[in-house]
Structures are given as structure tokens and as C-alpha cells.
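What follows is calculated from the coordinates using simple rules that are stated; it is not laboratory data. Bear in mind that the values here come from a model prediction, so they are computed numbers and not experimental data. Counting neighbours? That spans all protein chains shown, and the Cβs are built from the backbone with ideal geometry, glycine included.
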Amino acid sequence: MATVGHAPAAWSHEQRAAVLAWLAVGDLRPRERARLEMVKGAILGWDLAAIGTWAGLTEATVVRWLGAFRGGGVAALADAPRSGRPPLADSDYLDALDTAVATDPRTLGLGVDVWTSARLSAYLAETTGVRIAPGWLRVLLHRRRFACGRPKHSVAHLQDPAEVAACEERLRAVGGKGGG
């Protein structure tokens, strides 16, 4: 396939500027970035075979994306909406998740000291009406930078510091583990 219509002179200054501006954006999706790089290659004068080889696509696909860019600009290179079930964890659910994790379960009348993913899933299903499996809830927690793990129960907060010090002193006096 020839490069007719894809020569550097065939591209406007505005198109070149738009491509370079969008490539400078750091949060592009990988497929959109690859499409912009194909357009950039065409702007720089690469032939269709070289662009296709670089992108791992056929020349026909390269021509299709170049045509889409010419017809609709950068917006035409975006992915089309995907079909399928919409996510259950919308922004309201994620807000409820953040609030629940930041709240002590005892203050909510749950009678437990710590959240587990199963407890948190059940609580959120009751309060939001959206049921998400505990395993997926752990993924959401990880994405939101919450740490999941087994709780370490301690009674240190219930102990009298003076009494603990006295017991430790008695243990040292007898040589360790109660050799009395």
C-alpha cells in the first residue's frame, strides 16, 4: 500500500500539534497511545508498512486509524464503550466502603472489634443494597490502599503498667520463667 495521502505535507499544523499535545499527556490508555503513535509516524513520513510493523498491525488497520484521525481528530482514536454488565462498585459504594473501613465496627453496633472482608461485605450489602463478594472486596480495598490482614489481638491496653513492671522484676529476680 502506498503512502499517498499520508505524506508529511498532507498533515495540517493543527493536527500535528494535537498529536504531540496528547502524546505529552501521561495518563493515556495504552491502545490510544499506540494509535496516536501511528499517527505521529505518518506525520513524520513513515510509510504504512513501517508503521504497521512497529504497531504489529496490518496496513489496512493503520489506514483505518489514520482515516479515523483525519475525520474526527484525537477523539476518534478512543476506544468505543465496552458492552457488559456495569460495575457494581460505583462511587456511592466506594464512599460507603471508605466510611465503613474508617469506622470502628463496635460503634456501628456490630459487636466485633475488627473488620474482616466477610463482615465488611455483609455490612455494606445491608447498608448499600449492593452485594460484593469478600474476595472482590479485598481487591477493592487493595486498590484504595487499605491493608488487609489478620488482626493481632492484644490485651496490653487492659494491663496496669505498674503491675506489669512488678511482675517483670519478680521474673528477673528468680531467673526467668518462674523458677521459684
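Annotations for the structure displayed:
- Overall dimensions of region 32-130 as given by Cα atoms, namely Rg and Dmax in Å: 24.3, 69
- Helical content of the chain, expressed as a calculated mean residue ellipticity at 222 nm, amounts to -16000 deg cm²/dmol (DSSP H runs of 4 or more residues, -39,500 (n - 2.57) each, divided by residue number, nearest 500).
- Here the convex hull built on the C-alpha positions of the chain has a volume of 249 cubic angstrom per residue.
- Cβ-derived FRET efficiency at R0 25 Å, E59 paired with L88, nearest 0.05: 0.05
- Counting 0.36 nm for each residue step from L158 to A34 and taking away their Cα separation leaves a gain of 38.6 nm.
- 3J(HN,Hα) from dihedral phi, region 42-49, Karplus parametrisation 6.51/-1.76/1.60, rounded to Hz, x for glycine, proline: 5, 5, 7, x, 5, 7, 4, 5
- Extreme residue, positive dipole direction of region 27-165, given options T116, L48, L137 (C-beta unit charges): L48
- Dividing the mean sequence gap of close Cα pairs (under 8 Å, 6+ apart) by how many residues region 8-77 holds gives a relative contact order of 31 percent.
- Descending semi-axes in whole angstrom, ellipsoid equivalent of region 91-143, from the Cα gyration tensor: 16, 12, 11
- Protection proxy ranking, highest mean first, for peptides 40-48, 106-114: 40-48, 106-114, where packing is the per-residue count of other beta-carbon atoms within 10 Å, averaged.
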